[in-house]
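J.: Quick one: the structure is below, and I'll ask about it shortly.
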Amino acid sequence: MSLPSLTDQERAEALQKAAAARTVRSRIKAELKSGMVSVAAVIAAAGEEPALGRLKVTDLLEALPGIGKVRATVIMSELGISPSRRVRGLGVHQRRALVDYLGQVL
């Protein structure tokens, strides 16, 4: 299946939309790192903000202070969350388990 051909204006709009989404995700990761926002708040906001819904759970965890790639992988395997899962794709029980687990650890 080939990609649809876009006009120059459609391509420019898509680039602007992608850049805006990256900016939102970057801002949230910085706020997580500084402690200004909680994981529960990000998960709740992901339902309303599509850019947050596309954030990978591993990136979300790695944005937290004291959690790197290895610890994020361990947390996700303990909770039964796939390494490729995005925030939008988390189930109700996975969301609750993640927030509870981080509340105990952090």
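The values are calculated or read from the model by the stated rules, or taken from the named source; none is laboratory data. Computed from a predicted structure; not experimentally measured. Note: ideal-geometry Cβ built from the backbone for every residue, glycine included; neighbour counts use all protein chains shown.
J.: Can you tell me which residues in segment 56-82 are in contact (Cβ under 8 Å) with a residue 12 or more places away in the chain and more than 14 Å from the chain's Cα centre (by Cα)?
T.: Residues satisfying the conditions are 65, 66, 73, 75, 78, 79, 80.
J.: Another question, then. Name the residue, out of 96, 86, 71, 54, that is charged (D, E, K, R) and more than 20 Å from residue 30 (Cα to Cα).
T.: 96
J.: Can we say residue 43 is under 11 Å from the mean Cα position of the chain (by Cα) and either crowded, with 16+ Cβ neighbours inside 10 Å or among the aromatic types (Phe, Trp, Tyr) (or both)?
T.: yes
J.: A further question follows. Return the only residue of 51, 97 being at pLDDT 95 or above and within 30 Å of residue 14 (Cβ to Cβ).
T.: Step by step, each of 51, 97 is checked, and only 51 is at pLDDT 95 or above and within 30 Å of residue 14 (Cβ to Cβ).
J.: Just need a number here: residues in segment 53-70 that are under 11 Å from residue 84 (Cα atoms), of a type in the set (D, E, K, R) and in a helix (DSSP H, G or I).
T.: Of the residues in segment 53-70, 1 are under 11 Å from residue 84 (Cα atoms), of a type in the set (D, E, K, R) and in a helix (DSSP H, G or I).
J.: Something else now. Within the group 11, 25, which residue is part of a helix (DSSP H, G or I), among the basic types (Lys, Arg) and closer than 16 Å to residue 56 by Cβ?
T.: Going through 11, 25 in turn, the sole match is 25.
J.: Restricting to segment 27-40, count the residues that are exposed (fewer than 15 other Cβ atoms within 10 Å of the Cβ) and more than 13 Å from residue 65 (Cβ to Cβ).
T.: 1
J.: Suppose we filter 19, 12 for residues that are modelled with pLDDT of 95 or more, surrounded by fewer than 15 Cβ atoms within 10 Å (Cβ to Cβ) and over 20 Å from the mean Cα position of the chain (by Cα); which single one remains?
T.: Step by step, each of 19, 12 is checked, and only 12 is modelled with pLDDT of 95 or more, surrounded by fewer than 15 Cβ atoms within 10 Å (Cβ to Cβ) and over 20 Å from the mean Cα position of the chain (by Cα).
J.: Any chance segment 90-102 includes a residue that's outside any helix (DSSP H, G or I) and surrounded by 11 or more Cβ atoms within 10 Å (Cβ to Cβ)?
T.: Yes: segment 90-102 contains one or more residues that are outside any helix (DSSP H, G or I) and surrounded by 11 or more Cβ atoms within 10 Å (Cβ to Cβ).
J.: Just wondering, is there one or more residues in segment 36-43 that are touching a residue at least 12 places away in the same chain (Cβ under 8 Å) and within 21 Å of residue 17 (Cα to Cα)?
T.: Yes, segment 36-43 contains at least one residue that is touching a residue at least 12 places away in the same chain (Cβ under 8 Å) and within 21 Å of residue 17 (Cα to Cα).
J.: With the structure loaded, tell me whether residue 62 is in contact with a helix residue (DSSP H, G or I) (Cβ under 7 Å, 6 or more places away or on another chain) and surrounded by 15 or more Cβ atoms within 10 Å (Cβ to Cβ) or whether it fails that test.
T.: So residue 62 passes the test.
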